[in-house]
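To start, the structure under review is shown below, and the notes come after it.
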Amino acid sequence: MSQPSLFETDGIAPAGGVAAAPANRALCTLAEQLQLRWQGRLHLGTSSWHFPGWAGQVWDRTYPEALLSRAGLPAYARHPLLRAVSLDRAFYRPLAQAEYARLAAQVPEGFRFVVKAPALLTDAQRRDADNAAPLGDNPGFLDPGLAADTVAAAAAQGLGPKLGVLVLQISPLPARWLRDPAALHARLAVCVNAMRAPLATWAPEALLALELRDPALLTPELAALLRAHGVRYTLGLHDRMPAIDAQLPMLRATWPGDLVCRWNLQRGQRYAEARDRWAPFDRLQAEDEPTRQTLARVMRATLDAGHRVFVTINNKAEGSAPASVQALAVALGVTPLAPA
């Protein structure tokens, strides 16, 4: 459970690498208290790690984005609160087993990856180069062979026990799929069943989770399917989805179990708008206290019941993902955060 290397850093980067920000004793104390109380079941993190604006929070100085993307993960994993990361890059192209293994080798044993399955599997439509305009039906949508071999096996073999969650984020669906949820449910069931064997073989503690972008799919029928197949519903906090309170009935319908939440985008925002307004993501810009407090309450209840919690936060949630993680950790109410 304990990871001493997370709580100390001399601020010296390896040759050609990235150094972590100097240890903040108050954050270290908070992290230690959180992990002691909940026996290592809490995994907080961000969406990716390649942001130069995190200098002083995660990095000891400003580094080029390309260097952070290539070599910043070990320094990221030294931050006392960051015990997970969402591999959003996997959504845009499938990653090979060797790529996953290379990432796994850079983080401590207690660290966990939240992997987004590629759009090749989870988008019903093919997209243009900007991943925006639809170009027609995607023949790989929820294909069981693709799901098992290209997605689940690669991630599970490469990451092993460091695979925390494999998330199927279903992109906004064409109307014909929304009009026929039974067909969607049947295809989804076949897909997730195909992923079970590789996950059980190489990452038996990993979760399989579903994230949505269409509120119309939040139905008792889908909840029953997720329960029957052991798939966790992901609290996807995003402008396209209802606020967190409105998603809690779906979560309760699949209880008990571990909690997966991806806090992606503040309601009322678009990704490009938030990016342009809030870059370089060096501080909180628009705090969402109601969402934070509700999420903290759900997290405490889940952890106190003996389950695991995986929460990853995007810069577009409040302006700076590491700052949001810190504020959420404080909101859990384990110990007050004293000045550094």
| field | Residues satisfying the stated conditions in region 17-45, i.e. of a type outside the set (Lys, Arg) and assigned to a loop (DSSP other than H, G, I, E, B) | value | Gly17, Val18, Ala19, Ala21, Pro22, Ala23, Asn24, Trp38, Gln39, Gly40
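May I ask you to verify whether Arg227 is basic (Lys, Arg), under 26 Å from Leu188 (Cα atoms) and within 19 Å of the chain's Cα centre (by Cα)?
Details: basic (Lys, Arg): yes; under 26 Å from Leu188 (Cα atoms): yes; within 19 Å of the chain's Cα centre (by Cα): no.
Spelling it out, it is not the case that Arg227 is basic (Lys, Arg), under 26 Å from Leu188 (Cα atoms) and within 19 Å of the chain's Cα centre (by Cα).
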| query | So which pairs qualify, if the first residue must be in region 172-196 and in a helix (DSSP H, G or I), the second must be open to solvent by 60 Å² or more (accessible area, probe 1.4 Å), the Cβ gap must be under 7 Å, and the two must be at least 6 apart or on different chains? | reply | Leu178/Ala216; Pro181/Glu221; His185/Glu221
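Test of understanding: among Thr302, Thr291, Thr312, which residue is assigned to a helix (DSSP H, G or I) and under 19 Å from Thr46 (Cα atoms)? Show your work before the answer.
Numbers: Thr302 fails: under 19 Å from Thr46 (Cα atoms); Thr312 fails: assigned to a helix (DSSP H, G or I).
Exactly one of Thr302, Thr291, Thr312 is assigned to a helix (DSSP H, G or I) and under 19 Å from Thr46 (Cα atoms), namely Thr291.
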| query | Would region 332-340 turn up any residue that is open to solvent by 10 Å² or more (accessible area, probe 1.4 Å), assigned to a helix (DSSP H, G or I) and of a type in the set (Ser, Thr, Tyr)? | reply | no
| request: Restrict the check to region 133-146 and report whether at least one residue is assigned to a helix (DSSP H, G or I), at pLDDT 95 or above and surrounded by 14 or more Cβ atoms within 10 Å (Cβ to Cβ). | output: yes
| query | Out of curiosity, is Arg270 of a type in the set (D, E, K, R) and either more than 16 Å from the chain's Cα centre (by Cα) or more than 24 Å from Ala327 (Cβ to Cβ) (or both)? | reply | yes
| If you go through region 279-301 one residue at a time, how many are surrounded by 22 or more Cβ atoms within 10 Å (Cβ to Cβ) and more than 17 Å from the chain's Cα centre (by Cα)? | 1
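For region 46-128, list the helices (runs of 4 or more DSSP H) that sit wholly inside it and hold at least 3 residues that are among the small types (Gly, Ala, Ser) and open to solvent by 20 Å² or more (accessible area, probe 1.4 Å); which are they? Write out each step before concluding.
On the way: elements: 65-71, 73-76, 89-92, 97-104, 119-122.
Once the helices (runs of 4 or more DSSP H) in region 46-128 are filtered for at least 3 residues that are among the small types (Gly, Ala, Ser) and open to solvent by 20 Å² or more (accessible area, probe 1.4 Å), what remains is 65-71.
The values are calculated or read from the model by the stated rules, or taken from the named source; none is laboratory data. Just so we're clear, the structure is a prediction, and the values are computed from it rather than from any experiment. So basically every Cβ, Gly included, is an ideal-geometry build from the backbone, and we count neighbours across all protein chains shown. Note: areas computed on protein heavy atoms with side chains; ligands, DNA, RNA excluded. Shrake-Rupley method; radii C 1.70, N 1.55, O 1.52, S 1.80 Å.
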